[in-house]
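Read through the structure below, which is laid out as structure tokens, and then see the notes.
The values are calculated or read from the model by the stated rules, or taken from the named source; none is laboratory data. This one's a predicted model, so the numbers in the text were calculated from it and none came from an experiment. Glycine also receives a Cβ, built like all others from the backbone with ideal geometry; neighbour counts cover every protein chain displayed.
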Amino acid sequence: MKVEVTRPQEEEMEEVQESADAMFVEEVEGEVLVPGGEDAEEWGEQSRLEAAEEVVEMEVLTRGGRVEKVRVSGGLTPEAQDRMLECIQKNVDVFAWSATEMPGIDANVACDRLNLNPEARPIQQKKRSTADKLAEPIREEVAKLLKADFVSEIQYPGWVSNVVMVKKGDGRWRMCIDFSLLNKSCPKDCYHLPWIDALVDSAVGFPVMSFLDAFSGYHQIRMHPPDIKDVSFITGDRCYCYKMMPFGLKNAGATFQKMMDRVFREQKGRNLEVYVDDLMIKSPDVDSHLQDLEETFATLRRYKMRLNPLKCVFGASRGKFLGHLLTPAGVEPNPDKMRAIIELGSPRNAKEVQRLTGKLAGLSRFLSRAGEKCSPFFKTLRGVQRFEWTPECEEAFQSLKRLLTQAPLLQGLKEGEDLFLYLGVGAEALSYVLVRAEGKRQLPIYYVSRVLRKAELRYPILEKLAFALIESARRLRPYFQAHSIRVVTDHPLRNIFEGPTRKLTLSHGRLPWLKVQNRG
């Protein structure tokens, strides 16, 4: 990693003048405002991956002799569509049209263990009362799970949890299990999910993509046999236990990601990106893509994984992946997320403001000076007993809506290229933008913004800039590790980090965050 601090040339400043920053994180009463609560369910209904162009349904013949359909991009030539269909037909055994067609992944490859605290006393919850209208959806879901052999009836359970019914966006009901008490007695698996921005950057710029979804993802992994009795739930007058890993367990996501990283270790980053149960195949042309699909199908077959054909799209040139819209030219914001904000009415209470900031957080990579522009929203949440949506808030809200309609196309990265970091400081927020050079043009990669809090608001301008540099190094660490970064500013920022006068530049009380930078 190499970081160079330099003064901007006039033409450079003109090129990025419209880009000087964005993304924000704001804390109110100790809580970070991110998508959550009711929003989490609403946004969870949106698939993490999906083609963003017309698709054509084509017929395949299953091993059981049934005629089923798969989805192929309508942007392919008829010849390419036929070749894609031929590849899918040849590998039709890696798809499952129902849960009964899933053999399950071998326990030697992946198996979920609870690792319960041995001193924890099992809690067997009593059945909660449920509305009469929910009885039939619960019976139907349990019947499906029994038929697929995902659950079985149990007479002597360990821990027992209750059913929670959640309404989907289409009006149907989803059966969930409230494992919250069980989760408290399980240690957290430290295996981290991939950094979404890194996956998106790695997936940019490929003309041919396929988006694959694992069928009932978590249910393909078996539970560790001694733990089966503890993933029990009560419904009606009976108790059932999960034989396959259910949703809602504390470490289910980490277990699945760990398995996927192991299974696709030879392909990750080369021709495939994976996030939990979502896979994205990327290729420079159709011929290469067919080879990449064959390699992926062979891996799926080897480990007995199955795909959901209703959620897979093959051969797309544009697609939604992890909340972003991928195109051959770069990354665009997810139009569904933009539409959700543009069509949103003015907040009427503090909770609706929190929902708004949560939605904006999902798009902040594309928003210049987001922290500064959202500052009026945060003021309504800071220790104010009576909520007031001021004219200043409404003006900021409408301004952000207009900004979303003009969101920039973010660029992909080239390995080893030098990048430029522009720092900006406002009265209430730090802002910076990472860009790459293409000839005389400078193109944005990532906007970030951070709202200043408490004592940070009183920092002198030079110290705010130094703070912005340190925060950018933390927030954009993977970029700093993989590229040489040229920090562009018209202030003498170099003096803070170099030379014997550095201690005279900063007050002693603010040196701790300077030391963090010096460690790197």
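Out of the stretch 347-388, which residues are in contact with a Leu (Cβ under 9 Å, 6 or more places away or on another chain) and polar (S, T, N, Q)?
Within the stretch 347-388, GLN354, THR357, SER368 qualify.
From (1) over 21 Å from the mean Cα position of the chain (by Cα); (2) over 18 Å from PHE297 (Cα atoms), pick out the condition that doesn't hold for ALA203.
Only one criterion in (1) over 21 Å from the mean Cα position of the chain (by Cα); (2) over 18 Å from PHE297 (Cα atoms) is unmet by ALA203, namely (1).
Can you work out which of the residues in the stretch 244-266 that are in contact with a Ser or Thr (Cβ under 7 Å, 6 or more places away or on another chain) and not in a helix (DSSP H, G or I) is surrounded by the most Cβ atoms within 10 Å (Cβ to Cβ)?
MET245
Working only within the stretch 290-337, note down all residues that are among the aliphatic types (A, V, I, L, M) and modelled with pLDDT of 90 or more.
Of everything in the stretch 290-337, those that are among the aliphatic types (A, V, I, L, M) and modelled with pLDDT of 90 or more turn out to be LEU290, LEU293, ALA298, LEU300, MET305, LEU307, LEU310, VAL313, ALA316, LEU325, LEU326, VAL331.
Could you check the stretch 145-172 and list, in sequence order, the residues that are surrounded by 10 or more Cβ atoms within 10 Å (Cβ to Cβ), of a type in the set (D, E, K, R) and out of contact with any helix residue (DSSP H, G or I) (no Cβ under 7 Å at 6 or more places or on another chain)?
The answer is ASP149, GLU153, LYS167, LYS168.
For the stretch 100-120, check the following and say yes or no: at least one residue is within 25 Å of PRO226 (Cβ to Cβ), touching a residue at least 12 places away in the same chain (Cβ under 8 Å) and over 30 Å from the mean Cα position of the chain (by Cα).
Yes: one or more hits.
Select from the stretch 349-386 the residues that are over 21 Å from ARG475 (Cα atoms), at pLDDT 85 or above and in a helix (DSSP H, G or I) and list them in ascending order.
ALA350, LYS351, GLU352, VAL353, GLN354, ARG355, LEU356, PRO376, PHE377
Scan (1) modelled with pLDDT of 85 or more; (2) part of a helix (DSSP H, G or I) for the single condition GLN406 breaks and write down its number.
Tallying (1) modelled with pLDDT of 85 or more; (2) part of a helix (DSSP H, G or I), GLN406 fails exactly one: (2).
Tell me yes or no: at least one residue of the stretch 286-307 is in a loop (DSSP other than H, G, I, E, B) and within 20 Å of GLN81 (Cα to Cα).
No: zero hits.
Between a residue in the stretch 309-323 that is more than 12 Å from VAL72 (Cβ to Cβ) and any residue that is aromatic (Phe, Trp, Tyr), which pairs come within a Cβ distance under 6 Å, given they are 6 or more apart or on different chains?
Matching pairs, first to second residue: GLY319/PHE211; LEU322/TYR275.
Return the residue satisfying two criteria in turn: it lies in the stretch 267-285 and is among the acidic types (Asp, Glu) and in a strand (DSSP E or B), and of such residues it is modelled with the highest pLDDT.
GLU273
Quick one: how many residues across the stretch 173-190 are at pLDDT 95 or above, in contact with a helix residue (DSSP H, G or I) (Cβ under 7 Å, 6 or more places away or on another chain) and not in a helix (DSSP H, G or I)?
Result for the stretch 173-190: 0.
What tally of residues in the stretch 331-348 results from selecting those that are more than 18 Å from the chain's Cα centre (by Cα) and either among the hydroxyl-bearing types (Ser, Thr, Tyr) or part of a strand (DSSP E or B) (or both)?
Counting residues in the stretch 331-348 that are more than 18 Å from the chain's Cα centre (by Cα) and either among the hydroxyl-bearing types (Ser, Thr, Tyr) or part of a strand (DSSP E or B) (or both) gives 1.
Could you look through the stretch 107-122, keep only residues that are hydrophobic (A, V, I, L, M, F, W, C) and closer than 30 Å to VAL263 by Cα, and pick out the one that is surrounded by the fewest Cβ atoms within 10 Å (Cβ to Cβ)?
So, considering only residues that are hydrophobic (A, V, I, L, M, F, W, C) and closer than 30 Å to VAL263 by Cα, the one surrounded by the fewest Cβ atoms within 10 Å (Cβ to Cβ) is ALA107.
Hey, can you tell me all the residues within the stretch 223-235 that are surrounded by 20 or more Cβ atoms within 10 Å (Cβ to Cβ) and among the charged types (D, E, K, R)?
ASP227, ASP230
So, of the residues in the stretch 123-144 that are in a helix (DSSP H, G or I) and without any contact (Cβ under 8 Å) to a residue 24 or more places away in the chain, which turns out to be surrounded by the fewest Cβ atoms within 10 Å (Cβ to Cβ)?
ASP132
Give the number of residues within the stretch 228-261 that are more than 15 Å from ASP178 (Cα to Cα) and touching a Phe, Trp or Tyr at 6+ places or on another chain (Cβ under 9 Å).
13
Are there any pairs, at least 6 apart or on different chains, whose C-beta atoms fall under 9 Å, with the first in the stretch 422-438 and among the basic types (Lys, Arg) and the second in a strand (DSSP E or B), and if so, which?
What qualifies is ARG436/LEU419; ARG436/PHE420; ARG436/GLN442; ARG436/LEU443; ARG436/PRO444; ARG436/ILE445.
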